[in-house]
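So the structure is just underneath, and the comments pick up after that.
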Amino acid sequence: MTEETYQKAASAAAAMLARRPLTEYQLRQKLAEKEFLEEAVDYAVARMQVLGALDDEAYAELYLRIGTRKGWGAMRIRQELRRRGVPPEIAGQVLEQFEPDWDKMTALLDKRLGGDCSDRREVEKAKAMLARRGFSFDQIREAVRNYMEMCGE
């Protein structure tokens, strides 16, 4: 394999990372799709890591902020990080910093319930909605309790 092939792979990797952050897994996939050989992919990945352009931990921290802003819980964020190829140990380490956005949870409950906490069936549906968003049972219970206090029940 020629030096030119390695440089082309590194240039392609740099161009991809300039557009948006990627995990190592995603970058490897994209370079393989462009039919670079494994040795060239390894070189490009190592080069991007040395330059600081490829960092799975920084990607996970960014995605934690994005997921929290979207109103997702830790389980949903963990699932998305796994899907994007972030190693489980990095995801776990980053998710230790997770703190649910209580205001976002309240807004989601308000959108679902509209201030009416009297219908138990609707309250259960709202809890299920929060569970699908990846919040833990304890977080859901606390958010619903606080919301019901706001409703005056």
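Could you tell me which numbered condition R84 fails, if it satisfies all but one of (1) in contact (Cβ under 8 Å) with a residue 60 or more places away in the chain; (2) touching a Lys or Arg at 6+ places or on another chain (Cβ under 8 Å)?
Checking R84 against (1) in contact (Cβ under 8 Å) with a residue 60 or more places away in the chain; (2) touching a Lys or Arg at 6+ places or on another chain (Cβ under 8 Å), the one that fails is (2).
Select from the stretch 137-153 the residues that are open to solvent by less than 40 Å² (accessible area, probe 1.4 Å) and more than 20 Å from the chain's Cα centre (by Cα) and list them in ascending order. Spell out how you get there, then give the answer.
Taking the stretch 137-153 as the starting set, the residues that turn out to be open to solvent by less than 40 Å² (accessible area, probe 1.4 Å) are 139-140, 143-144, 147-148.
Answer for the stretch 137-153, where residues must be open to solvent by less than 40 Å² (accessible area, probe 1.4 Å) and more than 20 Å from the chain's Cα centre (by Cα): A143, V144, Y147, M148.
Consider G134 carefully, then state whether it is under 19 Å from the mean Cα position of the chain (by Cα), modelled with pLDDT of 95 or more and assigned to a loop (DSSP other than H, G, I, E, B). Walk me through it before giving the result.
Numbers: under 19 Å from the mean Cα position of the chain (by Cα): yes; modelled with pLDDT of 95 or more: yes; assigned to a loop (DSSP other than H, G, I, E, B): yes.
Yes: the conditions hold for G134.
Would you say K127 is in a helix (DSSP H, G or I) and over 28 Å from A58 (Cα atoms)? If you could, list the steps in order and put the result at the bottom.
Working: in a helix (DSSP H, G or I): yes; over 28 Å from A58 (Cα atoms): yes.
Judged against the criteria, K127 is a match.
Return yes or no: is G67 modelled with pLDDT under 95 and buried (at least 16 other Cβ atoms within 10 Å of the Cβ)? Before you say what the answer is, go through the steps one by one.
On the way: modelled with pLDDT under 95: no; buried (at least 16 other Cβ atoms within 10 Å of the Cβ): yes.
No: the conditions fail for G67.
Give me a count of the residues in the stretch 89-123 that are within 30 Å of Y25 (Cα to Cα), in a helix (DSSP H, G or I) and either touching a residue at least 40 places away in the same chain (Cβ under 8 Å) or open to solvent by less than 70 Å² (accessible area, probe 1.4 Å) (or both). Full working, then the answer.
Step one: filter the stretch 89-123 for residues within 30 Å of Y25 (Cα to Cα), giving 89-101.
Now restrict to residues that are in a helix (DSSP H, G or I): 89-95.
When the remaining residues are screened for being either touching a residue at least 40 places away in the same chain (Cβ under 8 Å) or open to solvent by less than 70 Å² (accessible area, probe 1.4 Å) (or both), the result is 90-92, 94-95.
Residues meeting the conditions: 5.
Might you let me know whether the stretch 17-25 holds any residue that is closer than 16 Å to V86 by Cβ, of a type in the set (K, R), open to solvent by 80 Å² or more (accessible area, probe 1.4 Å) and out of contact with any strand residue (DSSP E or B) (no Cβ under 9 Å at 6 or more places or on another chain)?
At the first step, the residues of the stretch 17-25 found to be closer than 16 Å to V86 by Cβ are 17, 20-25.
Those still in the list that are of a type in the set (K, R) too: 20.
Keeping just the survivors that are open to solvent by 80 Å² or more (accessible area, probe 1.4 Å) gives 20.
Filter again for out of contact with any strand residue (DSSP E or B) (no Cβ under 9 Å at 6 or more places or on another chain), leaving 20.
Yes: one or more hits.
Hand me the list of helices (runs of 4 or more DSSP H) wholly inside the stretch 1-88 holding 1 or more residues that are within 22 Å of G134 (Cα to Cα) and within 12 Å of the chain's Cα centre (by Cα). Walk me through it before giving the result.
Working: elements: 3-19, 24-33, 38-51, 56-69, 74-83.
Passing ranges, in order: 56-69, 74-83.
Can you go through E33, E39 and tell me which one is surrounded by fewer than 17 Cβ atoms within 10 Å (Cβ to Cβ), more than 22 Å from S136 (Cα to Cα) and touching a Phe, Trp or Tyr at 6+ places or on another chain (Cβ under 9 Å)? It would help to see each step written out before you state the result.
Working: E33 fails: touching a Phe, Trp or Tyr at 6+ places or on another chain (Cβ under 9 Å).
Only one candidate passes the filter, namely E39.
What do you reckon, is Y59 more than 25 Å from W102 (Cβ to Cβ), touching a Pro at 6+ places or on another chain (Cβ under 8 Å) and surrounded by 16 or more Cβ atoms within 10 Å (Cβ to Cβ)? Step through it out loud before you land on a result.
Values: more than 25 Å from W102 (Cβ to Cβ): yes; touching a Pro at 6+ places or on another chain (Cβ under 8 Å): yes; surrounded by 16 or more Cβ atoms within 10 Å (Cβ to Cβ): yes.
Yes: the conditions hold for Y59.
The values are calculated or read from the model by the stated rules, or taken from the named source; none is laboratory data. This one's a predicted model, so the numbers in the text were calculated from it and none came from an experiment. No Cβ is skipped: glycine too gets one built from the backbone with ideal geometry, and neighbour counts run over all protein chains shown. Heavy atoms of the whole protein, side chains included, go into the accessibility calculation; ligands, DNA and RNA do not. Shrake-Rupley method; radii C 1.70, N 1.55, O 1.52, S 1.80 Å.
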